[in-house]
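These notes concern the structure reproduced below.
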Amino acid sequence: MFNIILFGPPGSGKGTQAKIIEEKYDLHHISTGDLFRYELKNETELGKKIKHIMEAGELVPDKITIEMLKNKILSFDNPKGFLLDGFPRNNNQAKELDKLLEELGEEVNVLISLDVPEEEIVQRILNRGKTSGRSDDNDENIIRGRYKVYMDQTLPVYKYYENKNKARTVNGVGDIDEISNRILCAVEEHNKK
Ligand code: AMP
(Lines give C-alpha, C1' and ligand atoms only; values in the text may rest on other atoms or scores of the structure.)
Protein backbone atom coordinates (compact mmCIF):
# COMPACT_ATOMS: atom_id res chain seq x y z
CA MET A 1 0.00 0.00 0.00
CA PHE A 2 0.97 3.59 -0.43
CA ASN A 3 -0.26 5.89 2.32
CA ILE A 4 -0.06 9.67 2.19
CA ILE A 5 -1.06 12.26 4.78
CA LEU A 6 -2.07 15.57 3.24
CA PHE A 7 -1.30 18.07 5.97
CA GLY A 8 -1.78 21.77 6.60
CA PRO A 9 -4.04 24.30 8.31
CA PRO A 10 -7.78 24.49 7.61
CA GLY A 11 -8.28 26.19 4.25
CA SER A 12 -4.84 25.25 2.93
CA GLY A 13 -6.40 23.34 0.01
CA LYS A 14 -6.12 19.76 1.30
CA GLY A 15 -9.59 18.77 0.09
CA THR A 16 -9.08 20.24 -3.39
CA GLN A 17 -5.64 18.66 -3.80
CA ALA A 18 -6.76 15.33 -2.33
CA LYS A 19 -9.18 14.82 -5.23
CA ILE A 20 -6.32 15.21 -7.72
CA ILE A 21 -3.71 13.17 -5.84
CA GLU A 22 -6.05 10.26 -5.00
CA GLU A 23 -6.75 9.78 -8.70
CA LYS A 24 -3.10 9.92 -9.65
CA TYR A 25 -2.14 7.15 -7.21
CA ASP A 26 -5.49 5.33 -7.09
CA LEU A 27 -5.88 5.86 -3.35
CA HIS A 28 -8.90 6.04 -1.06
CA HIS A 29 -9.38 9.61 0.10
CA ILE A 30 -10.43 9.72 3.76
CA SER A 31 -11.39 13.12 5.15
CA THR A 32 -12.40 12.92 8.82
CA GLY A 33 -14.04 16.37 8.46
CA ASP A 34 -16.24 15.02 5.63
CA LEU A 35 -17.08 11.90 7.66
CA PHE A 36 -18.13 14.07 10.60
CA ARG A 37 -20.16 16.41 8.35
CA TYR A 38 -22.01 13.34 7.00
CA GLU A 39 -22.99 12.47 10.58
CA LEU A 40 -24.16 16.06 11.21
CA LYS A 41 -26.21 16.17 8.02
CA ASN A 42 -27.93 12.90 8.84
CA GLU A 43 -28.50 13.94 12.45
CA THR A 44 -27.14 10.64 13.79
CA GLU A 45 -26.41 10.11 17.48
CA LEU A 46 -22.74 10.82 16.76
CA GLY A 47 -23.73 13.88 14.73
CA LYS A 48 -25.71 15.30 17.65
CA LYS A 49 -22.82 14.68 20.01
CA ILE A 50 -20.21 16.47 17.89
CA LYS A 51 -22.31 19.33 16.45
CA HIS A 52 -21.37 21.95 19.04
CA ILE A 53 -17.69 20.92 18.97
CA MET A 54 -17.44 21.34 15.21
CA GLU A 55 -19.36 24.61 15.24
CA ALA A 56 -16.91 25.93 17.82
CA GLY A 57 -13.95 24.85 15.67
CA GLU A 58 -12.60 22.56 18.39
CA LEU A 59 -11.29 19.03 17.89
CA VAL A 60 -13.66 16.11 18.33
CA PRO A 61 -12.34 13.85 21.15
CA ASP A 62 -9.68 11.35 20.04
CA LYS A 63 -11.64 8.31 21.20
CA ILE A 64 -14.49 9.09 18.76
CA THR A 65 -12.22 10.23 15.92
CA ILE A 66 -9.79 7.32 16.07
CA GLU A 67 -12.59 4.75 16.28
CA MET A 68 -14.26 6.26 13.21
CA LEU A 69 -10.98 6.38 11.26
CA LYS A 70 -10.14 2.76 12.14
CA ASN A 71 -13.57 1.54 11.01
CA LYS A 72 -13.20 3.41 7.74
CA ILE A 73 -9.71 2.06 7.00
CA LEU A 74 -10.78 -1.49 7.80
CA SER A 75 -13.87 -1.23 5.57
CA PHE A 76 -11.89 -1.54 2.30
CA ASP A 77 -10.96 -4.83 0.61
CA ASN A 78 -7.38 -4.87 -0.71
CA PRO A 79 -6.87 -1.10 -0.77
CA LYS A 80 -3.93 0.25 -2.78
CA GLY A 81 -3.48 2.88 -0.12
CA PHE A 82 -5.00 5.84 1.64
CA LEU A 83 -4.82 9.57 1.31
CA LEU A 84 -5.60 11.01 4.71
CA ASP A 85 -6.94 14.56 4.86
CA GLY A 86 -7.57 16.16 8.25
CA PHE A 87 -6.16 13.21 10.18
CA PRO A 88 -4.01 12.94 12.30
CA ARG A 89 -4.73 16.23 14.11
CA ASN A 90 -2.50 15.60 17.15
CA ASN A 91 0.37 13.32 18.17
CA ASN A 92 -1.88 10.83 19.91
CA GLN A 93 -3.85 10.34 16.68
CA ALA A 94 -0.57 9.95 14.78
CA LYS A 95 0.63 7.24 17.16
CA GLU A 96 -2.69 5.40 16.93
CA LEU A 97 -2.58 5.60 13.15
CA ASP A 98 0.94 4.18 13.06
CA LYS A 99 -0.13 1.39 15.40
CA LEU A 100 -3.10 0.47 13.22
CA LEU A 101 -1.07 0.49 10.01
CA GLU A 102 1.66 -1.55 11.65
CA GLU A 103 -0.91 -4.18 12.61
CA LEU A 104 -1.80 -4.32 8.91
CA GLY A 105 1.89 -4.63 7.97
CA GLU A 106 1.78 -1.11 6.53
CA GLU A 107 3.02 2.39 7.35
CA VAL A 108 2.59 6.07 6.55
CA ASN A 109 4.86 6.57 3.52
CA VAL A 110 4.94 10.34 3.40
CA LEU A 111 3.32 13.44 4.87
CA ILE A 112 3.00 16.45 2.58
CA SER A 113 2.33 19.77 4.29
CA LEU A 114 0.76 22.69 2.41
CA ASP A 115 2.29 25.95 3.57
CA VAL A 116 -0.17 28.87 3.50
CA PRO A 117 0.07 32.05 5.62
CA GLU A 118 -2.63 32.80 8.22
CA GLU A 119 -4.08 35.88 6.46
CA GLU A 120 -4.53 33.97 3.21
CA ILE A 121 -6.16 31.13 5.18
CA VAL A 122 -8.70 33.49 6.76
CA GLN A 123 -9.60 35.06 3.40
CA ARG A 124 -9.90 31.69 1.66
CA ILE A 125 -12.18 30.23 4.33
CA LEU A 126 -14.39 33.33 4.48
CA ASN A 127 -14.72 33.04 0.70
CA ARG A 128 -15.49 29.32 0.92
CA GLY A 129 -18.07 30.13 3.61
CA LYS A 130 -20.18 32.00 1.04
CA THR A 131 -21.04 28.66 -0.61
CA SER A 132 -19.90 25.82 1.67
CA GLY A 133 -22.86 26.05 4.03
CA ARG A 134 -20.42 25.36 6.88
CA SER A 135 -21.12 27.46 9.96
CA ASP A 136 -17.46 27.10 11.00
CA ASP A 137 -16.48 28.86 7.72
CA ASN A 138 -18.46 32.04 8.33
CA ASP A 139 -17.11 33.59 11.49
CA GLU A 140 -13.63 35.13 11.49
CA ASN A 141 -13.14 34.46 15.21
CA ILE A 142 -13.93 30.78 14.77
CA ILE A 143 -11.63 30.59 11.73
CA ARG A 144 -8.75 32.17 13.68
CA GLY A 145 -9.55 29.80 16.55
CA ARG A 146 -9.30 26.80 14.18
CA TYR A 147 -5.95 28.13 12.98
CA LYS A 148 -4.77 28.37 16.59
CA VAL A 149 -5.93 24.81 17.29
CA TYR A 150 -3.86 23.79 14.26
CA MET A 151 -0.77 25.64 15.48
CA ASP A 152 -1.05 24.36 19.06
CA GLN A 153 -2.26 20.79 18.62
CA THR A 154 -1.74 19.72 15.02
CA LEU A 155 1.61 21.20 14.02
CA PRO A 156 3.53 18.83 16.37
CA VAL A 157 2.40 16.01 14.05
CA TYR A 158 4.74 17.47 11.41
CA LYS A 159 7.71 17.11 13.77
CA TYR A 160 6.58 13.59 14.67
CA TYR A 161 6.86 12.47 11.02
CA GLU A 162 9.87 14.69 10.32
CA ASN A 163 11.73 12.73 13.00
CA LYS A 164 10.96 9.63 10.95
CA ASN A 165 12.21 11.37 7.76
CA LYS A 166 8.75 11.25 6.25
CA ALA A 167 7.66 14.91 6.20
CA ARG A 168 7.88 17.37 3.31
CA THR A 169 6.55 20.91 2.88
CA VAL A 170 5.35 22.48 -0.34
CA ASN A 171 4.23 26.04 -1.04
CA GLY A 172 0.42 25.98 -0.90
CA VAL A 173 -0.08 29.37 -2.57
CA GLY A 174 -0.64 29.51 -6.34
CA ASP A 175 -2.77 27.86 -9.04
CA ILE A 176 -4.40 24.57 -8.20
CA ASP A 177 -2.45 22.75 -10.95
CA GLU A 178 0.80 24.33 -9.92
CA ILE A 179 0.29 23.17 -6.32
CA SER A 180 -0.68 19.63 -7.45
CA ASN A 181 2.58 19.47 -9.39
CA ARG A 182 4.55 20.55 -6.36
CA ILE A 183 2.87 17.82 -4.30
CA LEU A 184 3.51 15.16 -6.94
CA CYS A 185 7.16 16.22 -7.24
CA ALA A 186 7.60 16.09 -3.46
CA VAL A 187 6.08 12.59 -3.33
CA GLU A 188 8.25 11.35 -6.20
CA GLU A 189 11.36 12.88 -4.67
CA HIS A 190 10.56 11.27 -1.35
CA ASN A 191 10.01 7.88 -3.04
CA LYS A 192 13.44 8.10 -4.72
CA LYS A 193 15.38 8.34 -1.51
P1 AMP B 1 -11.95 19.80 8.45
O2 AMP B 1 -12.98 19.62 7.39
O3 AMP B 1 -10.81 18.83 8.33
O4 AMP B 1 -11.49 21.23 8.60
O5 AMP B 1 -12.66 19.43 9.83
C6 AMP B 1 -13.79 20.14 10.29
C7 AMP B 1 -13.97 19.88 11.78
O8 AMP B 1 -14.16 18.48 12.02
C9 AMP B 1 -12.78 20.25 12.66
O10 AMP B 1 -12.77 21.63 13.01
C11 AMP B 1 -13.02 19.36 13.87
O12 AMP B 1 -14.07 19.85 14.68
C13 AMP B 1 -13.52 18.07 13.21
N14 AMP B 1 -12.39 17.16 12.87
C15 AMP B 1 -12.02 16.78 11.62
N16 AMP B 1 -10.97 15.94 11.67
C17 AMP B 1 -10.66 15.79 12.97
C18 AMP B 1 -9.66 15.05 13.68
N19 AMP B 1 -8.74 14.31 13.03
N20 AMP B 1 -9.65 15.14 15.04
C21 AMP B 1 -10.56 15.88 15.70
N22 AMP B 1 -11.51 16.61 15.10
C23 AMP B 1 -11.58 16.57 13.75
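A compact table of results
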read-out: Cα gyration tensor category, rounded, prolate or oblate, for the range 98-160 with a/c compared to 1.5; value: prolate
read-out: Rg in Å to one decimal, and Dmax rounded to a whole Å, for the range 34-135 via C-alpha atoms; value: 15.6, 43
read-out: Extension gain (nm, one decimal) between GLU120 and THR16, 0.36 nm per residue minus Cα-Cα; value: 35.8 nm
read-out: The chain: relative contact order in percent, alpha carbon pairs under 8 Å with at least 6 residues between; value: 32 percent
read-out: For the chain, accessible area per residue (1.4 Å probe, heavy atoms of protein chains only), Å²; value: 53 Å²
read-out: Cα-based equivalent ellipsoid, the chain: semi-axes from gyration tensor eigenvalues, Å; value: 24, 21, 15
read-out: Fraction of accessible area attributable to carbon and sulfur, the chain (%, probe 1.4 Å); value: 47 percent
read-out: Estimated 222 nm signal from helices in the chain, with DSSP H stretches of n ≥ 4 weighted -39500 (n - 2.57), rounded to 500; value: -17500 deg cm²/dmol
read-out: 3J(HN,Hα) from dihedral phi, the range 79-85, Karplus parametrisation 6.51/-1.76/1.60, rounded to Hz, x for glycine, proline; value: x, 7, x, 10, 10, 8, 10
read-out: Estimated Rh, the range 15-93: Kirkwood, alpha-carbon pairs, angstrom; value: 13.4 Å
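The values are calculated or read from the model by the stated rules, or taken from the named source; none is laboratory data. Quick caveat, the model's predicted, so the values are computed rather than measured. Note: accessible area is taken over every heavy atom of the protein model, side chains too, but ligands, DNA and RNA are not part of it. Shrake-Rupley method; radii C 1.70, N 1.55, O 1.52, S 1.80 Å.
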